[in-house]
Each structure stands twice: as C-alpha cells, then as structure tokens.
Amino acid sequence: MLPPVPVLADYGLSPTHGFLPDVLPLTRLPDPYYNKWEAVVANLQGLILSKRLRGVVDRLPVLSTIGLEHDAEWRRAYMLLCFMAHGYIWGGDSPSDRLPPPIAVPLLEISAHLEVPPVATYAAVCLWNFKPLFMDEDIDNLENLASLYTFTGATDESWFYLVSIAMEARGAPIIPLMLTAIAAARENDVQEVTRCLGTFAERLDDLTTLLQRMHESCDPHIFYHRIRPFLAGSKNMADAGLPDGVIYEDGSGNETYRQYAGGSNAQSSLIQFFDIVLGIQHRPTGEKPSQAQETEREGRPPAPKHNFIMEMRQYMPGPHARFLDHVQTVANIRDFVEQNKHDRPLSVAYDACLAMLRALRDKHIAIVTRYIVLPSREVRARSRSPAATRRKLNLATAASRPQPQGIAYDARGAAAEQEAAAAKKGGNLKGTGGTALIAFLKQARDETGEPAIEDWTRRFMSRQPRTAGQNDFFAGKADEGADLPVGAEEVQVPGLAGTWTIDEEVGGICNY
Ligand code: HEM
C-alpha cells in the first residue's frame, strides 16, 4: 500500500499561500495585556539606536502566554519576541550572552507551541512579518507588500524580506500542483504529469525574476554591515563575542548556554519542497557523487558529515518540516519520468524544471557574492592596508596601557570586527564544517542538475565555467569543489544561518 499523498490542511498549509499563513499576519495582538510587547517592538529602532532597549526589556514584566488564542496570535507573539531577542542580543556595545526572563520565558513557551526554535528564523522575519498594501491585490506582487517590522528601519531590510515573501507567494501554487502530479503519476497519467511539470518550470522562471529584483532596493553594504548582524545566531559566534552561545533565563535556575543558527532563507520550506518533489538529492556538504557511490560499493558506513540543508529543517515550523518529510515518502516524479523516458515532452518538461531551479541557484550565488563575499573581502583588504597595520602597531605598542574589558562591538561594528579577527587568524579557520560558502552553494546548484533525464541536458547542466587563464601560476588549478588548494588561505565569513570559509581562488560575480 502506498502512503497517502499529503493533504495541505493537515499541515496548516494554504493552497494559495503555501508556507505563508492562510490568515494574514496580525498587525496587533488583540488582548491589551500584551500592549507592553507591542509598544517595545513598535519603537524597536529608536530603542536600539539609543541603546535603551536592554534597560526597557529588563524592566518588562514576565507575561504569560495564557492570553494567546488563535494560531495567528501565537505567530505574532513569536515574531515580536524574536525581534526583541535579537535586538537585545546584538543591539548594544557588546553582544549580550543572556536573554532576560521577560523575553526568555514566553519565547521558550511560544517556540515549543509552534515547534520552531526560539530565534529569529525565516518564519519570524519573513513568513509571519508582512502585510499587503492593498487588500484586494495579490501578495505575490512586490508592489503590494510591506514588512511589519525591521531592526534598522532601512527600506533595504524590508526589501530583503519582501523579495522572499513574494517568492513564497508566487511559488505557493506549485505545491498543490505537484501533489496533483504525484497522484497523476500513480495513475500513470503521463499527460497530466507533463502539464504540471510545464507549469512548474514556468513558475520557477518567475521566481528567478523575483529573486533578481533583490538588486533593485537592497544595497549590499547596508545588507552586509547593518542588516545581517541582527540576523546572526549564537552558533559559531565566538569571534563576534558569543563564545558559548546565549543563556535563556527561564527562571529554572539550571539554565545552560544554547546555540542556534541565525535566520536565513535556507530555512525556506518552499525551495526544499522543490528539491524533494523533483527527486534532487543534496549530499553532505563537501561530498562528491563518486565518493558517495564508492562508500556504498565498499559497504562502509558513510562517515558522518554535516548536511547543512537538512539541518535547516530544524529551523522550519514543525508542521512545515513534517510536511516535507511526508512529501519525501511519496515523491515519485523522477522515477516516473525515468520509466517513461521514451516520452520526450515528459522528459523535456522534467529537465526544464531542473534547469530552471539550477538557474535560480546560479542567480542566488551571484547575489551571495555581491552581498556577502565582496563586502567581506573589502573588510579584509582594509584590515591588511598599511593604515590598518600601522593602527595595529600602535595598539601593540600601547598594550601596556589598561585595555577596556571585552571588545567594543555594536551590531553595526560586529561584522567588521569579526572579519578583522578572522583575517588576523588567517590560515586554519574552520567555519560550519570548514566549508567554503561558495563551494557549498555551487554543490547545491550542481546537485540540482544531476537527476536530468536527457543526455544533452545532463551534459549542459554539468558544464563547468571556463577558468582558462584564471589559475594561479604557483598554486596550480583551483579546485571548484569544497576543498581548498593546499596552502590556500581560508577566511571565515559569517553567512546567515552558518559561518563559512571563503575560498580566495573562486568567486566574483563574473565567474559563475
Ligand atoms: C541578499 C539576499 C540573500 C543573501 C545575501 C543570501 C545569502 C545566503 C547564504 C549566505 C546562504 C548560505 C547559508 C547561510 O549561511 O545561511 C544562503 C543559502 C540559501 N539561500 Fe540565500 N541569500 C539571499 C536571498 C535569498 C532568497 C531571496 C532566497 C529565496 C529563495 C534564498 C534561498 C536560499 C536557499 C534555498 C539557501 C540554501 C542553499 C540552497 O538550497 O541552494 N536566498 N543564502
């Protein structure tokens, strides 16, 4: 007996809005008992700027969750507390490694209720943090969206969230469409599966167009230096001043440090749904296809490796992650297309979906290069400049003078300090599994093309960019994969959810 095809309603998913809530996010908690939370978040930017947020939060009463009724209220409460929490942690002269009871106690309860970690996840800042400008217009249109809250007040921050929301909304109809395709494949209905795949491919192209609109209104420097630091988590954040993570003061008396990844679009269930339904497999980061086969052949148990994409499922709301697990058990499209290989329109429609998703990942790599890799290189170059070296020398000669306790950080400076620290340490820094950011993203992109059916599409999608004339004469041919050439310098760079290394030999928008 085949497992049943999932029913969207069982997982709280909407046929029109997908992973976005069916009921629009509330703009206020109805119970006046929560007015204090509302007031703090309504004034978040002013409180962060004046460095008064911590004082205000410390004086808040510990509110009970008893007044939260409908799901929409729980979601809003989570969103409010996550903005407060990250403002509290990153919005001072140095990061706070404690979240006080007025945030920690209700946030832990609400997170448990919603089955989502108590940090600013993609759900907190994107899925549950928007409103339409015109109620009678669709929310898959960037011109009809506004964020409810931002840390900075910058339109760039809103835009960063809104592009994701528009993509979620535009991509939402693909979910019921592909569940229909799964059912049709069970019925051996080639025509219906072909139709669904064709529509899917067209929508994916729309999503890439939306993704590219990031460049319109989100400035890379503002993103890198002002926005990203507020989204940082508490895992691998020693260089930013949180060596152990954060203590959530829940009043139990036996609290220990917790570590969570930061908020990232890698926590989007939509993109993972696409992968699963198309039968795309993401290997543990750094593992090549041949390696996986070799281990299988030799009957050795695979060495435990870090699979970042799978890890991100823990940061999705529980029902969304469970929906993906369910889809995994029924995904039959790849096998169906393989069995009906002789049907060209079917194979072409399937391969078109892979090609479109691969193209989306390609554009995303260019975005990450522009918004993270290049600004982080600039910071690094500055830290190596003669002026910076002189400053370091001055600091060194002044070392006998009393130094302030800790390192002076504010959210805006934290990234720069972090980069400078990483640059200083040079050679052997390891990030999340010691993985280079772009190598990780390229692996995900290349894996997207691997299940292609037609020989020519497979060849086309496994094409490597021409690198002739770009190799270092002394270092030899730069490996496109996860491993750095021996002796090449790794530099730690904070991504969004993860901390990564940057491979100096690859990168630059034009390379992709
Ligand atoms: C300025 C815009 C963006 C930047 C700087 C950015 C940056 C990153 C970074 C650094 C990662 C690596 C994982 C991490 O550290 O979190 C990542 C992964 C990812 N991002 Fe983005 N991202 C952006 C926009 C988007 C948008 C709009 C989407 C919407 C679909 C998206 C989807 C993903 C996905 C699905 C992954 C996981 C890797 C994969 O599946 O290919 N990103 N992003």
Query raised in the report: What is the spin-label model distance, in nm, from His113 to Ser462 if the labels are put 7 Å beyond Cα along the C-beta direction?
Result: 5.1
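Counting only other residues whose beta carbon sits under 10 Å from that of Thr16, what net charge do I get with K and R as +1, D and E as -1? Don't skip to the end; give the middle numbers.
On the way: positive: none; negative: Asp22, Asp138, Asp140.
Once positives and negatives cancel, what remains is -3.
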Report task. Label region 1-86 by shape, choosing from rounded, prolate and oblate, from the square roots a ≥ b ≥ c of the eigenvalues of the Cα gyration tensor; if a/c is under 1.5 it is rounded, and otherwise prolate applies when a/b is larger than b/c, oblate when it is not. Result -> prolate
Requested in this report: Take the alpha carbon gyration tensor of region 106-218, find the square roots of its eigenvalues, order them as a ≥ b ≥ c, and report rounded if a/c is under 1.5; if not, report prolate when a/b exceeds b/c, else oblate.
Outcome: oblate
Query raised in the report: Residues of region 238-257 with amide nitrogen under 13 Å from the 7 Å Cα-to-Cβ point of Val62?
Result: 248-255
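Provide the gained length on full extension for the span Asp362 to Gln314, in nm with one decimal, where the gain is 0.36 nm per separating residue minus the Cα-Cα distance.
On the way: separation 48, 0.36 × 48 = 17.28 nm, distance 2.51 nm.
Taking Asp362 through Gln314 to full extension adds about 14.8 nm, to one decimal.
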Query raised in the report: Of the listed peptides 215-227, 156-168, what is their order by residue-averaged count of other C-beta atoms within 10 Å, with the highest listed first?
Result: 156-168, 215-227
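Need the full-extension length gain, Glu69 to Arg52, defined as separation in residues times 0.36 nm minus the C-alpha distance. One decimal, nm.
Details: separation 17, 0.36 × 17 = 6.12 nm, distance 3.10 nm.
Gain on stretching Glu69 to Arg52: 3.0 nm.
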Query - Segment Asp138-Tyr33, extension gain: residue separation times 0.36 nm, minus the distance between their alpha carbons - result: 34.5 nm
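How high is the FRET efficiency between Ala42 and Ala238 when r is their beta carbon distance and R₀ equals 35 Å, given to the nearest 0.05? Spell out each step's value before the answer.
Working: r = 34 Å, r/R0 = 0.97.
Result of the calculation: an efficiency of 0.55.
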Report summary line: Zone reached by a paramagnetic label modelled 7 Å from Thr209 Cα along Cα→Cβ, restricted to region 126-159 with backbone N below 13 Å, covers 141-142
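Every number here is computed from the coordinates shown, using simple stated rules; none is lab data. Source: prediction; values computed, not measured. Using ideal geometry, Cβ is built from the backbone for each residue, glycine included, and neighbour counts are taken over all protein chains shown.
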